[in-house]
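Worksheet: the structure to be examined is printed underneath.
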Amino acid sequence: MLGKLKGLKDKALSQGITPLIREKIAPYGTLRDFCLDTQNKRVTLSVELDGESEPLHLEIREYKVYEEGGGSWLLVEEIHCSKPWLAKLLQRYVAGRSFAIEEKVAKALRLLA
């Protein structure tokens, strides 16, 4: 029952965050799918990038939301990508690093943690 409830909350949260993600991606392409799984700490998204014939699929397989220095941060533990060359860049420059996130996103993620 609790898992089903979390699934419904994740779906609602995903729908709430989608416009923010769509806005950030708009200069580069179109967000096709965004899914958040707070129970398993996973985020998946598909993007049709301008000039690319195939959609890009990204998956964050482990993340952590925390507060530090008066701000909210997202630590990306593990990230995978459908494009091998980009997967290597993401492993090098994104995995294991923290990124500032908007407080409204952090608050929503903490509610479901």
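A few notes on this one:
- Residues that are of a type in the set (Gly, Ala, Ser) and within 11 Å of the chain's Cα centre (by Cα), drawn from segment 30-54: Ser46
- Count of segment 73-90 residues which are touching a residue at least 12 places away in the same chain (Cβ under 8 Å) and among the small types (Gly, Ala, Ser): 1
- Close contacts from segment 92-107, counting a first residue that is at negative phi and a second that is surrounded by 12 or more Cβ atoms within 10 Å (Cβ to Cβ) and of a type in the set (Phe, Trp, Tyr), with Cβ to Cβ under 7 Å and a gap of 6+ residues or different chains, come to Ser98/Trp73; Phe99/Trp73; Ala100/Trp73; Ile101/Trp73.
- Enumerated strands (runs of 3 or more DSSP E) restricted to segment 4-113, each holding at least 3 residues that are surrounded by 12 or more Cβ atoms within 10 Å (Cβ to Cβ) and at pLDDT 95 or above: 29-37, 42-49, 56-68, 71-81
The values are calculated or read from the model by the stated rules, or taken from the named source; none is laboratory data. Since this is a predicted model, take the numbers as computed values, not measurements. Heads up, the Cβs are rebuilt from the backbone with ideal geometry, glycines too, and the neighbour counts pull from every protein chain shown.
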